Amino acid sequence: MPGLAFQSLPAEDAEFCADAADPLERDESYYFDDSDGAYAVAEPDPFADAAVTPVRRPSLRAELGSVPAVAVSGLVRPGLPPLPVPPGLDGVLPSGLRRGSTIAVTGSVSVLLALLGAPSRQGAWSAMLGMPAVSAEAAAEAGIDLRRLAIINPPTGGDWTAASWTTAVGALLDAVDVVVARPGVTPITDGAARRLAARARTRDAVLILFGQQATTWPAVQTRLSARHGRWSGIGDGHGRITGRQLIVSVTGKATSGRPRETELWL
(Lines give C-alpha, C1' and ligand atoms only; values in the text may rest on other atoms or scores of the structure.)
Protein backbone atom coordinates (compact mmCIF):
# COMPACT_ATOMS: atom_id res chain seq x y z
CA MET A 1 0.00 0.00 0.00
CA PRO A 2 1.22 3.51 -0.72
CA GLY A 3 2.62 5.28 2.25
CA LEU A 4 3.58 2.09 4.19
CA ALA A 5 7.17 1.26 4.94
CA PHE A 6 8.62 -1.96 6.39
CA GLN A 7 11.23 -1.85 9.08
CA SER A 8 13.75 -4.59 9.74
CA LEU A 9 13.55 -6.51 13.01
CA PRO A 10 16.25 -6.60 15.57
CA ALA A 11 18.71 -9.46 15.32
CA GLU A 12 17.36 -11.40 18.34
CA ASP A 13 13.76 -11.15 17.09
CA ALA A 14 14.74 -12.28 13.62
CA GLU A 15 16.48 -15.34 15.08
CA PHE A 16 13.37 -16.27 17.10
CA CYS A 17 11.10 -16.00 14.06
CA ALA A 18 13.43 -18.17 12.04
CA ASP A 19 13.26 -20.89 14.67
CA ALA A 20 9.45 -20.72 14.75
CA ALA A 21 9.18 -20.92 10.96
CA ASP A 22 11.33 -24.04 10.71
CA PRO A 23 10.54 -26.31 13.72
CA LEU A 24 12.51 -29.26 12.28
CA GLU A 25 15.74 -27.39 12.88
CA ARG A 26 15.06 -26.27 16.43
CA ASP A 27 16.27 -28.14 19.50
CA GLU A 28 13.33 -30.27 20.65
CA SER A 29 14.89 -30.91 24.03
CA TYR A 30 14.54 -27.21 24.66
CA TYR A 31 10.74 -27.42 24.40
CA PHE A 32 9.94 -31.11 25.46
CA ASP A 33 11.73 -33.09 28.12
CA ASP A 34 10.79 -36.78 28.27
CA SER A 35 13.94 -38.01 29.92
CA ASP A 36 12.01 -39.58 32.84
CA GLY A 37 9.58 -41.45 30.53
CA ALA A 38 6.47 -39.96 32.10
CA TYR A 39 4.87 -39.07 28.79
CA ALA A 40 5.55 -42.51 27.23
CA VAL A 41 2.93 -44.30 29.41
CA ALA A 42 -0.36 -44.56 27.48
CA GLU A 43 -3.57 -44.34 29.38
CA PRO A 44 -5.71 -47.57 29.07
CA ASP A 45 -8.92 -47.34 27.09
CA PRO A 46 -11.77 -48.50 29.36
CA PHE A 47 -13.95 -49.34 26.33
CA ALA A 48 -11.37 -51.42 24.46
CA ASP A 49 -11.54 -55.25 24.38
CA ALA A 50 -9.29 -57.10 26.74
CA ALA A 51 -6.05 -58.25 25.19
CA VAL A 52 -6.05 -61.99 24.35
CA THR A 53 -2.91 -63.81 25.34
CA PRO A 54 -2.22 -66.70 22.94
CA VAL A 55 -2.13 -70.13 24.62
CA ARG A 56 0.74 -72.30 23.52
CA ARG A 57 -0.49 -75.91 23.36
CA PRO A 58 1.80 -78.92 23.36
CA SER A 59 2.34 -80.89 20.19
CA LEU A 60 -0.35 -83.32 19.07
CA ARG A 61 1.92 -86.31 19.62
CA ALA A 62 2.61 -85.28 23.22
CA GLU A 63 -1.08 -84.59 23.83
CA LEU A 64 -2.20 -87.97 22.49
CA GLY A 65 0.57 -89.72 24.36
CA SER A 66 -0.71 -88.38 27.67
CA VAL A 67 -4.21 -89.87 27.11
CA PRO A 68 -4.55 -93.38 28.56
CA ALA A 69 -5.47 -96.09 26.05
CA VAL A 70 -8.93 -97.60 26.37
CA ALA A 71 -10.53 -100.55 24.59
CA VAL A 72 -12.83 -99.66 21.71
CA SER A 73 -15.85 -101.94 21.78
CA GLY A 74 -18.40 -100.02 19.75
CA LEU A 75 -16.57 -100.64 16.44
CA VAL A 76 -16.33 -104.42 16.81
CA ARG A 77 -19.17 -106.31 15.18
CA PRO A 78 -20.43 -109.17 17.35
CA GLY A 79 -19.79 -112.55 15.75
CA LEU A 80 -22.65 -114.80 14.70
CA PRO A 81 -22.94 -118.25 16.28
CA PRO A 82 -21.54 -121.20 14.31
CA LEU A 83 -23.76 -123.38 12.18
CA PRO A 84 -24.60 -126.88 13.45
CA VAL A 85 -23.21 -130.13 12.06
CA PRO A 86 -24.84 -133.58 11.89
CA PRO A 87 -24.57 -135.76 15.00
CA GLY A 88 -21.92 -138.01 13.49
CA LEU A 89 -19.51 -135.09 12.95
CA ASP A 90 -19.97 -133.21 16.21
CA GLY A 91 -17.10 -135.19 17.76
CA VAL A 92 -14.54 -134.00 15.19
CA LEU A 93 -16.16 -130.58 14.65
CA PRO A 94 -17.18 -129.65 18.21
CA SER A 95 -17.53 -125.97 17.32
CA GLY A 96 -19.73 -126.67 14.29
CA LEU A 97 -19.26 -124.82 11.03
CA ARG A 98 -17.57 -121.62 12.08
CA ARG A 99 -18.87 -118.65 10.14
CA GLY A 100 -16.27 -117.02 7.95
CA SER A 101 -14.38 -120.27 7.40
CA THR A 102 -13.41 -122.06 4.19
CA ILE A 103 -13.84 -125.85 4.12
CA ALA A 104 -12.80 -128.48 1.58
CA VAL A 105 -14.80 -131.71 1.16
CA THR A 106 -13.67 -134.65 -0.97
CA GLY A 107 -14.74 -138.25 -1.46
CA SER A 108 -18.51 -138.19 -0.92
CA VAL A 109 -21.49 -136.10 -1.97
CA SER A 110 -23.43 -137.67 0.92
CA VAL A 111 -21.10 -136.04 3.46
CA LEU A 112 -21.57 -132.74 1.68
CA LEU A 113 -25.37 -133.03 1.83
CA ALA A 114 -25.16 -133.96 5.51
CA LEU A 115 -23.14 -130.80 6.20
CA LEU A 116 -25.84 -128.72 4.49
CA GLY A 117 -28.75 -130.50 6.14
CA ALA A 118 -28.05 -129.51 9.74
CA PRO A 119 -27.84 -125.74 9.08
CA SER A 120 -30.81 -125.86 6.68
CA ARG A 121 -33.03 -127.37 9.36
CA GLN A 122 -32.34 -124.26 11.45
CA GLY A 123 -33.28 -121.87 8.65
CA ALA A 124 -29.94 -121.29 6.89
CA TRP A 125 -29.87 -120.53 3.18
CA SER A 126 -27.56 -122.55 0.94
CA ALA A 127 -26.37 -122.40 -2.66
CA MET A 128 -24.59 -124.86 -4.94
CA LEU A 129 -22.46 -123.69 -7.85
CA GLY A 130 -20.76 -125.82 -10.48
CA MET A 131 -21.96 -129.07 -8.88
CA PRO A 132 -22.95 -132.19 -10.81
CA ALA A 133 -26.59 -133.22 -10.83
CA VAL A 134 -27.75 -133.80 -7.24
CA SER A 135 -30.92 -135.71 -6.48
CA ALA A 136 -33.54 -133.48 -4.89
CA GLU A 137 -34.85 -136.49 -2.99
CA ALA A 138 -31.41 -137.23 -1.55
CA ALA A 139 -31.01 -133.59 -0.55
CA ALA A 140 -34.39 -133.60 1.20
CA GLU A 141 -33.54 -136.83 3.03
CA ALA A 142 -30.33 -135.20 4.28
CA GLY A 143 -32.45 -132.49 5.89
CA ILE A 144 -32.01 -129.72 3.29
CA ASP A 145 -35.01 -127.45 2.88
CA LEU A 146 -35.31 -127.20 -0.90
CA ARG A 147 -37.12 -123.87 -0.57
CA ARG A 148 -33.88 -122.37 0.77
CA LEU A 149 -31.49 -124.03 -1.67
CA ALA A 150 -30.27 -122.34 -4.86
CA ILE A 151 -28.66 -124.26 -7.73
CA ILE A 152 -26.46 -122.03 -9.93
CA ASN A 153 -25.49 -123.16 -13.43
CA PRO A 154 -23.08 -121.53 -15.90
CA PRO A 155 -24.63 -118.54 -17.66
CA THR A 156 -23.99 -119.95 -21.15
CA GLY A 157 -24.76 -123.58 -20.38
CA GLY A 158 -21.12 -124.61 -20.84
CA ASP A 159 -18.21 -124.66 -18.45
CA TRP A 160 -17.42 -121.94 -15.96
CA THR A 161 -14.56 -119.61 -16.75
CA ALA A 162 -12.25 -118.55 -13.95
CA ALA A 163 -13.59 -114.98 -13.97
CA SER A 164 -17.29 -115.93 -14.06
CA TRP A 165 -16.81 -118.62 -11.40
CA THR A 166 -15.11 -116.32 -8.90
CA THR A 167 -17.62 -113.53 -9.59
CA ALA A 168 -20.58 -115.84 -8.97
CA VAL A 169 -19.07 -117.31 -5.78
CA GLY A 170 -18.32 -113.83 -4.43
CA ALA A 171 -21.90 -112.69 -5.11
CA LEU A 172 -23.34 -115.76 -3.36
CA LEU A 173 -21.15 -115.20 -0.30
CA ASP A 174 -22.82 -111.79 0.04
CA ALA A 175 -26.31 -113.33 -0.02
CA VAL A 176 -26.50 -116.78 1.62
CA ASP A 177 -25.13 -118.55 4.69
CA VAL A 178 -23.44 -121.57 3.07
CA VAL A 179 -21.96 -121.63 -0.45
CA VAL A 180 -20.93 -124.96 -1.99
CA ALA A 181 -18.75 -124.53 -5.07
CA ARG A 182 -16.82 -126.96 -7.22
CA PRO A 183 -13.90 -125.35 -9.08
CA GLY A 184 -14.17 -125.69 -12.82
CA VAL A 185 -11.67 -126.93 -15.34
CA THR A 186 -9.98 -123.54 -15.57
CA PRO A 187 -7.62 -123.20 -12.61
CA ILE A 188 -8.20 -120.42 -10.10
CA THR A 189 -5.21 -118.33 -9.07
CA ASP A 190 -4.08 -118.32 -5.45
CA GLY A 191 -4.84 -114.60 -5.22
CA ALA A 192 -8.45 -115.10 -6.34
CA ALA A 193 -8.86 -118.03 -3.94
CA ARG A 194 -7.60 -115.98 -1.00
CA ARG A 195 -9.89 -113.09 -1.92
CA LEU A 196 -12.87 -115.44 -1.83
CA ALA A 197 -11.78 -116.72 1.58
CA ALA A 198 -11.53 -113.12 2.78
CA ARG A 199 -15.01 -112.39 1.37
CA ALA A 200 -16.46 -115.34 3.30
CA ARG A 201 -14.76 -114.11 6.45
CA THR A 202 -16.08 -110.55 6.17
CA ARG A 203 -19.62 -111.71 5.27
CA ASP A 204 -19.85 -114.35 8.05
CA ALA A 205 -20.57 -117.00 5.42
CA VAL A 206 -19.23 -120.54 5.05
CA LEU A 207 -17.48 -121.47 1.80
CA ILE A 208 -17.38 -125.22 1.10
CA LEU A 209 -15.23 -126.36 -1.82
CA PHE A 210 -15.97 -129.78 -3.30
CA GLY A 211 -14.01 -132.06 -5.61
CA GLN A 212 -10.46 -133.09 -6.23
CA GLN A 213 -9.28 -129.54 -6.89
CA ALA A 214 -10.33 -128.66 -3.36
CA THR A 215 -7.48 -130.80 -1.98
CA THR A 216 -4.89 -128.21 -3.04
CA TRP A 217 -7.06 -125.13 -2.53
CA PRO A 218 -5.23 -122.41 -0.53
CA ALA A 219 -6.60 -120.62 2.53
CA VAL A 220 -8.63 -123.65 3.71
CA GLN A 221 -9.14 -123.94 7.46
CA THR A 222 -10.72 -127.42 7.59
CA ARG A 223 -10.52 -130.40 5.23
CA LEU A 224 -12.92 -133.34 5.25
CA SER A 225 -12.29 -136.51 3.25
CA ALA A 226 -14.54 -139.56 3.24
CA ARG A 227 -14.01 -143.17 2.31
CA HIS A 228 -16.46 -146.04 2.20
CA GLY A 229 -16.94 -148.19 5.28
CA ARG A 230 -19.72 -150.77 4.99
CA TRP A 231 -23.40 -151.22 4.26
CA SER A 232 -26.06 -152.34 6.71
CA GLY A 233 -29.36 -154.15 6.21
CA ILE A 234 -28.27 -156.66 3.62
CA GLY A 235 -27.24 -160.24 4.13
CA ASP A 236 -25.97 -163.00 1.93
CA GLY A 237 -28.31 -162.62 -1.01
CA HIS A 238 -31.20 -161.08 0.91
CA GLY A 239 -32.38 -157.92 2.66
CA ARG A 240 -32.48 -154.24 1.78
CA ILE A 241 -29.97 -151.51 2.38
CA THR A 242 -30.90 -149.58 5.49
CA GLY A 243 -27.72 -147.61 6.08
CA ARG A 244 -24.27 -146.75 4.88
CA GLN A 245 -21.18 -146.16 6.93
CA LEU A 246 -18.53 -143.64 5.90
CA ILE A 247 -15.17 -143.03 7.55
CA VAL A 248 -14.63 -139.27 7.65
CA SER A 249 -11.18 -137.82 8.27
CA VAL A 250 -10.92 -134.20 9.43
CA THR A 251 -7.75 -132.08 9.48
CA GLY A 252 -7.03 -128.40 9.88
CA LYS A 253 -7.59 -125.71 12.47
CA ALA A 254 -10.73 -127.39 13.79
CA THR A 255 -8.59 -130.29 15.03
CA SER A 256 -5.52 -128.24 16.00
CA GLY A 257 -3.63 -129.70 13.03
CA ARG A 258 -4.04 -133.31 14.20
CA PRO A 259 -6.11 -135.59 11.91
CA ARG A 260 -9.20 -137.12 13.45
CA GLU A 261 -11.52 -139.81 12.17
CA THR A 262 -15.13 -140.63 12.91
CA GLU A 263 -17.87 -142.91 11.61
CA LEU A 264 -20.83 -141.31 9.89
CA TRP A 265 -23.94 -143.37 9.27
CA LEU A 266 -26.25 -142.23 6.49
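Among the numbered conditions (1) out of contact with any Gly (no Cβ under 8 Å at 6 or more places or on another chain); (2) surrounded by 13 or more Cβ atoms within 10 Å (Cβ to Cβ); (3) farther than 15 Å from Leu209 by Cα; (4) not aromatic (Phe, Trp, Tyr), tell me where Leu172 comes up short.
(3)
With over 19 Å from Leu115 (Cα atoms), of a type in the set (Phe, Trp, Tyr) and either under 22 Å from the mean Cα position of the chain (by Cα) or part of a helix (DSSP H, G or I) (or both) as the only criterion, which of Trp165, Trp160 stands out?
On the way: Trp160 fails: either under 22 Å from the mean Cα position of the chain (by Cα) or part of a helix (DSSP H, G or I) (or both).
Exactly one of Trp165, Trp160 is over 19 Å from Leu115 (Cα atoms), of a type in the set (Phe, Trp, Tyr) and either under 22 Å from the mean Cα position of the chain (by Cα) or part of a helix (DSSP H, G or I) (or both), namely Trp165.
Could you list, in sequence order, the residues of the range 77-95 that are more than 24 Å from the chain's Cα centre (by Cα) and either among the aliphatic types (A, V, I, L, M) or surrounded by 13 or more Cβ atoms within 10 Å (Cβ to Cβ) (or both)?
If the condition is that a residue be more than 24 Å from the chain's Cα centre (by Cα) and either among the aliphatic types (A, V, I, L, M) or surrounded by 13 or more Cβ atoms within 10 Å (Cβ to Cβ) (or both), then Pro84, Val85, Pro86, Gly88, Leu89, Asp90, Gly91, Val92, Leu93 are the ones that fit.
Please indicate, with yes or no, whether at least one residue in the range 236-250 is among the small types (Gly, Ala, Ser), crowded, with 19+ Cβ neighbours inside 10 Å and at pLDDT 85 or above. Show your work before the answer.
The first filter runs over the range 236-250 and keeps only residues among the small types (Gly, Ala, Ser), leaving 237, 239, 243, 249.
Filter once more, keeping what is crowded, with 19+ Cβ neighbours inside 10 Å: none.
Checking the range 236-250: not a single residue is among the small types (Gly, Ala, Ser), crowded, with 19+ Cβ neighbours inside 10 Å and at pLDDT 85 or above.
Could you tell me whether the range 182-195 includes any residue that is in a strand (DSSP E or B), of a type outside the set (Val, Ile, Thr) and touching a Phe, Trp or Tyr at 6+ places or on another chain (Cβ under 7 Å)? Before you say what the answer is, go through the steps one by one.
Filtering the range 182-195 for residues in a strand (DSSP E or B) gives none.
No, there is no match, as no residue in the range 182-195 is in a strand (DSSP E or B), of a type outside the set (Val, Ile, Thr) and touching a Phe, Trp or Tyr at 6+ places or on another chain (Cβ under 7 Å).
Could you tell me how many of the residues in the range 107-144 are hydroxyl-bearing (Ser, Thr, Tyr), buried (at least 19 other Cβ atoms within 10 Å of the Cβ) and either within 25 Å of the chain's Cα centre (by Cα) or closer than 15 Å to Ser225 by Cα (or both)? Working first, answer last.
In the first step, residues of the range 107-144 are kept if they are hydroxyl-bearing (Ser, Thr, Tyr); the result is 108, 110, 120, 126, 135.
Now restrict to residues that are buried (at least 19 other Cβ atoms within 10 Å of the Cβ): 108, 120, 126.
From the residues that got through so far, the ones that are either within 25 Å of the chain's Cα centre (by Cα) or closer than 15 Å to Ser225 by Cα (or both) too are 108, 126.
Residues in the range 107-144 being hydroxyl-bearing (Ser, Thr, Tyr), buried (at least 19 other Cβ atoms within 10 Å of the Cβ) and either within 25 Å of the chain's Cα centre (by Cα) or closer than 15 Å to Ser225 by Cα (or both): 2 in total.
Looking for something among the basic types (Lys, Arg) and over 19 Å from Gly96 (Cβ atoms) - is there at least one such residue anywhere in the range 239-252? Reasoning before the result, please.
Applying the first criterion (among the basic types (Lys, Arg)) to the range 239-252 yields 240, 244.
After this cut, where a residue has to be over 19 Å from Gly96 (Cβ atoms) as well, the list is 240, 244.
For the range 239-252, residues among the basic types (Lys, Arg) and over 19 Å from Gly96 (Cβ atoms): present.
State whether the residues of the range 184-191 include one that is of a type outside the set (Ser, Thr, Tyr) and under 24 Å from Ala124 (Cα atoms). Write out each step before concluding.
Residues of the range 184-191 that are of a type outside the set (Ser, Thr, Tyr), as a first pass: 184-185, 187-188, 190-191.
With under 24 Å from Ala124 (Cα atoms) added as a condition, the list becomes none.
No, because not a single residue in the range 184-191 is of a type outside the set (Ser, Thr, Tyr) and under 24 Å from Ala124 (Cα atoms).
Among the residues of the range 81-120, write down those that are assigned to a loop (DSSP other than H, G, I, E, B) and closer than 19 Å to Arg148 by Cα. Even if it seems obvious, please write down each step before you answer.
Applying the first criterion (assigned to a loop (DSSP other than H, G, I, E, B)) to the range 81-120 yields 81-82, 84-86, 90-96, 98-101, 107-108.
Matches in the range 81-120: Pro82, Pro84, Val85, Pro86, Arg99.
Whether any residue in the range 187-197 is closer than 19 Å to Val250 by Cβ and in contact with a strand residue (DSSP E or B) (Cβ under 7 Å, 6 or more places away or on another chain) is what I want to check. Give the derivation first.
Taking the range 187-197 first, the residues closer than 19 Å to Val250 by Cβ are 197.
Checking the rest, the ones that are also in contact with a strand residue (DSSP E or B) (Cβ under 7 Å, 6 or more places away or on another chain) come to 197.
Yes, that holds for at least one residue.
Look at the range 251-264 and say how many of its residues are among the basic types (Lys, Arg) and at pLDDT 85 or above.
The total comes to 1.
Please find, among Arg199, Arg240, the residue that is touching a residue at least 24 places away in the same chain (Cβ under 8 Å) and among the basic types (Lys, Arg).
Details: Arg240 fails: touching a residue at least 24 places away in the same chain (Cβ under 8 Å).
Of Arg199, Arg240, the one residue that is touching a residue at least 24 places away in the same chain (Cβ under 8 Å) and among the basic types (Lys, Arg) is Arg199.
Go through (1) outside any helix (DSSP H, G or I); (2) within 20 Å of Ala205 (Cα to Cα) one by one and return the number of the condition Ala133 breaks.
Condition (2) is where Ala133 drops out.
The values are calculated or read from the model by the stated rules, or taken from the named source; none is laboratory data. The structure displayed is predicted, hence computed values, not measured ones. Cβ sites come from the backbone with ideal geometry, for glycine too, and all protein chains shown count toward neighbours.
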